[in-house]
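Student: Quick one: the structure is below, and I'll ask about it shortly.
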Amino acid sequence: MSALTAGQKKIILIVAAIVLLLVSYFLIFQNNMQRSSELSSETAQLNTEIDRLTQLQAEVNQMRGEATTQQEVVNEFTYSFPCKLEQEGAIYYVYRMMVKSGITINSIGIGADQTMVTNGKYVPFDGRSYEGVNVPTVDPNAEKSQVELDPQTRVPLNEMVGKTVGYTLSISGTEKEIYKAINWVENNEKPMSVTNLSLSYDSTTGKLSGTMMVYFHSMNGNGMTYDDPVDVEDFDIGPDNIFGILKKGNN
């Protein structure tokens, strides 16, 4: 075999370089390009996940703020109630209503203690019904819960027990005096409400007379310390009505 010429050697070297370049492309460069494409796809997915988590964090922060606001609203609501209200306290407020309005109260009928809130839900009381609302039922003969026995203890909202007692008042007074009595109840800082107002005109006195139901509400377990509102020095005893001779005074 004759020796390769210089030209042939040059061609062989060029071909070998081309083959080496092709091998490098397919074995190294193309693999790197494929890996680069995979990394780009993974990076895009990670960026999408980062955006999602960032949005979730923003929503969590917003929910925390809303939860704090809602808790403040709940606290404001539950703290607006006394943890309990003894009979003498309720009668004292009835007395103050009479003094401030000028009506005459001839008798007071004290109703039974009823549950109006339990397990975080309102409960119909005194014959009321909430149509279309799923409300719990309460056994009036059931033993009292721990929070009812110790109403000043602070418990979660769903463990608080709302109580209400209705006082039936036999009243008489002018239309203005009765409106003043209703407004006094409505604007009182203590949670009270007037229902079942039944009045008729008394031609012998020129006044309205009849009955008024006043409900006094409390929230066992709201953590409030019971403050007895009664100031016995405020009562002026006498024979004219159920409270005696009364004089107008302050709230």
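Every number in this text was worked out from the coordinates using simple rules, so none of it is lab data. Please read these numbers as outputs of a predicted model, since none were measured by experiment. Here the Cβ is made from the backbone with ideal geometry for all residues, glycine too, and neighbour counts use every protein chain on show.
Student: So which lysines can residue 100 reach, going by Cα to Cα under 18 Å and dropping same-chain residues fewer than 8 places off?
Tutor: 176, 180, 190, 207, 247, 248
Student: Quote the convex hull volume per residue of the range 159-212, based on C-alpha atoms, as a whole number of Å³.
Tutor: Taking the convex hull of the Cα positions in the range 159-212, it is 68 Å³ per residue.
Student: Could you sort 48-56, 162-170 so that the peptide with the highest average Cβ count within 10 Å comes first and the rest follow in order?
Tutor: 162-170, 48-56
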